[in-house]
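Comments concern the structure below.
The values are calculated or read from the model by the stated rules, or taken from the named source; none is laboratory data. These numbers were taken from a predicted model, which means no experiment stands behind them. Neighbour counts are summed over all protein chains in view; Cβ atoms, including those assigned to glycine, are modelled from backbone coordinates with ideal geometry.
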């Protein structure tokens with residue numbers, strides 16, 4: 001079993017490029033761990049279907065802050081522990097002979113990413129990022145997305161030159177912390193553009209890479225394994241509304257390869273299977289996915305809740321009402337609204353169709369709210385003991401599995417761990 005110690009993500013990029021030259025084209029899948037199921041199921045699938053597992057945890061999902069992230073209250077350390085516990089339950093250990101590759105990374109690690117930090121002063125925002133980076137290093141993360149692309153508050157001036165310097169500063173901080181703690185080398189991911197929205201020109205993409213690598217080289221810092229590029233993807237509600245830019249998707253990965261780096265696409269949720277199947281052909285090295293997997297889980301839960309309510313009436317768990325209320329009160333539902341929609345919580349309460357859609361989109365933020373947790377448990381108990389549905393947990397897990405496997409198959413990932421280790 002390898003967990004980033006013997007084979008790094010930088011190695012994965014090189015081997016993936018080499019396999020492609022021989023006609024074996026694959027795109028790796030970065031999975032956002034947005035629930036307990038979205039931690040356990042990916043591990044199980046990676047073992048069953050023999051593909052590298054790459055977790056990309058945001059600063060909101062897993063956090064060093066008091067109380068942890070919104071996923072199970074996980075910190076970086078307890079997140080790694082959770083993964084390791086699942087691996088041990090599947091018979092995986094350091095001495096295991098089964099082909100298994102697993103990498104854990106922090107996604108979007110930059111200032112002004114966290115919802116409650118959007119208005120922080122520059123110094124405070126940077127110190128917050130450093131706390132995250134230090135926690136990830138201590139926990140033993142294998143990958144770091146240094147992301148200084150988020151729009152700062154109006155009182156902070158930020159241009160390309162300053163963004164590049166800040167990126168290098170955070171690289172340098174992470175490397176010094178890693179060396180101080182005696183940790184193994186890690187892999188990095190860069191990008192100076194916001195990860196969602198209109199694609200950028202090949203010239204601008206190449207120029208940006210040149211400038212960042214020059215600054216990193218001056219400081220004798222490692223070359224990143226991945227560079228993020230925009231392919232037009234943009235998520236609003238339950239759709240990818242940005243439009244897939246075929247020209248950028250085919251040209252930007254070639255430029256990344258010129259620099260011996262992998263091309264990383266973010267926001268690959270809700271793309272058609274046809275477009276996903278083009279990713280390996282276009283040499284997109286890796287694509288991150290998360291919200292659509294969480295939506296599949298929430299949809300399965302609400303399907304079961306609808307069935308339960310139909311059969312049990314007022315004695316049901318009332319999951320939908322409890323979850324939708326929690327979404328309006330506690331989840332950052334506004335970040336998923338369509339352009340032009342500026343609904344407030346009080347308005348959505350009187351908009352049944354829109355509230356249902358918003359609950360599907362943002363329900364995962366509330367899974368570990370105490371009232372929602374109780375309602376989910378009651379839902380499962382009601383369905384089972386009243387012979388309404390024999391295996392509700394299995395139904396939810398199946399929904400998550402199917403959502404992930406659509407990407408695994410489109411990306412030609414089955415058996416890829418063994419093929420990589422043979423190289």
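Remarks
- Number of the exception - residue 384 against (1) over 19 Å from residue 103 (Cα atoms); (2) buried (at least 16 other Cβ atoms within 10 Å of the Cβ): (2)
- Test: residue in the range 59-66 that is outside the structural domain of residue 326 (by TED's automatic domain parsing), at pLDDT below 95 and over 30 Å from residue 370 (Cβ atoms): no
- Those residues of the range 212-256 which are out of contact with any helix residue (DSSP H, G or I) (no Cβ under 6 Å at 6 or more places or on another chain), outside any loop (DSSP other than H, G, I, E, B) and under 23 Å from residue 25 (Cβ atoms), in sequence order: 226, 228, 240, 246, 247, 248, 249, 250, 253, 254, 256
- Considering the range 93-106, and only residues there that are at pLDDT below 95 and within 19 Å of residue 77 (Cα to Cα), the residue that is surrounded by the most Cβ atoms within 10 Å (Cβ to Cβ) turns out to be 93.
Conditions (1) modelled with pLDDT of 95 or more; (2) buried (at least 21 other Cβ atoms within 10 Å of the Cβ); (3) assigned to a loop (DSSP other than H, G, I, E, B), marked per residue:
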| position | (1), (2), (3) |
| --- | --- |
| 7 | no, no, yes |
| 20 | yes, no, no |
| 34 | yes, yes, yes |
| 38 | yes, yes, no |
| 41 | yes, yes, no |
| 46 | yes, yes, no |
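- Search result, residues across the range 72-84 that are in contact (Cβ under 8 Å) with a residue 60 or more places away in the chain and touching a helix residue (DSSP H, G or I) at 6+ places or on another chain (Cβ under 8 Å): 72, 75, 76, 77, 79, 80
- Residue match in the range 118-125 (condition: assigned by TED's automatic domain parsing to the domain that holds residue 42 and touching a strand residue (DSSP E or B) at 6+ places or on another chain (Cβ under 8 Å)): no
- All of 412, 350, 382 fail the test of being in contact (Cβ under 8 Å) with a residue 40 or more places away in the chain, in a loop (DSSP other than H, G, I, E, B) and either out of contact with any strand residue (DSSP E or B) (no Cβ under 8 Å at 6 or more places or on another chain) or not assigned by TED's automatic domain parsing to the domain that holds residue 277 (or both), apart from 412.
- Condition check for residue 242: free of Cβ contacts under 8 Å to residues at least 12 places away in the same chain and surrounded by fewer than 23 Cβ atoms within 10 Å (Cβ to Cβ): no
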